[in-house]
Amino acid sequence: MRIDIQNNISWRDRLFAALTFFTRFPFWRIYQPKKEAYETVVELWPLTGWLTAGCMSATLYFGSLFMPVTLAAIAAIIIRIMITGALHEDGLADFIDGFGGGGSNRQRILDIMKDSHIGTYGVLGLVLYFLLLYQCLIILPPRTTALMILAADPFFKMISVNLIQYMPYARTAETAKNSVVYRKLSIKSGIFLFFQGMLPAIPLWYFIGFPYLSIAIPALVYYLLYLLIHHRIQGYTGDCCGAVFLLTELCFYLTYIIISFQ
């Protein structure tokens, strides 16, 4: 991690840049952050997860009080997609298309991921992802699932940010989808990132329990994805970050449910 000596980007700029970048709420109407602030958005990515997780878990829990949990789960998934504009799901589709159809050719993988069209791999990947996510949201009691969502969304966004610490950006700012290259975290930012990811997990640990394997297995999946990304393209992209977040989060749900049925 690096230590910032001069930092002319205010907290307000960072917060509104992250909220504007990671959600579709019109925060830009309230305040328009400096362009440079968008280089720091990943530092507050888990904090935006508090918003998406809160809306998603509330929809599931309170919706299950007056409708079947199956419908509440679908509504919860739709709410998160609407809030984020399917930002992470788009990254997952591009990631699967690129790594599925690009073979071992680095440039071809990057070109496929940047292509706005979705391929067969991406379609199949999203279908399987949503089928698994939907099943994960309806198996356990709504109260437990709501707490899982509150914990998992910010936590695995925190974990996924580490990609930018360990690898260089695979493209240049000029060829990036959003013309933004995330800066690496300072020590102060890293500590704050840790608390953003960990605090929402406390209710789940306190009320339900937090089996160690439910973190260990997703951590292993994260490491394997890191090795794959590093081997194929020698760097990260925004699509990689979004895909790693969704896949590790899903792995957490699956592991937690499997352990709960033992």
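Here, each number is a calculation from the coordinates, and none is a lab measurement. Quantities reported herein were computed from a predicted structural model and do not represent experimental measurements.
Using only C-alpha positions, report the orientation-averaged shadow area of the convex hull of the stretch 11-261, nm², one decimal. For the stretch 11-261, the mean projected area of the Cα convex hull comes to 13.3 nm². Long hydrophobic helices in the chain: the complete DSSP H runs spanning 20 Å or more by Cα along their own axis with mean Kyte-Doolittle hydropathy of at least -0.5 are 45-63, 69-84, 87-101, 120-139, 142-166, 213-233, 238-260. Within the same chain, lysines fewer than 8 places from residue 157 are excluded, and of the rest, those with a Cα less than 19 Å from its Cα are 184, 188.
Helical runs (DSSP H, four residues minimum) scored at -39500 (n - 2.57) apiece and divided by the length of the chain put the mean residue ellipticity at 222 nm at -22500 deg cm²/dmol. By its C-alpha gyration tensor, with a ≥ b ≥ c as the square roots of the eigenvalues, how is the stretch 123-228 shaped: rounded for a/c under 1.5, else prolate for a/b larger than b/c, else oblate? Because a/c hits 1.5 or more and a/b fails to exceed b/c, the stretch 123-228 counts as oblate. Applying 0.36 nm per residue to the separation of residue 198 and residue 29 and subtracting their alpha-carbon distance, the gain on full extension is 57.8 nm.
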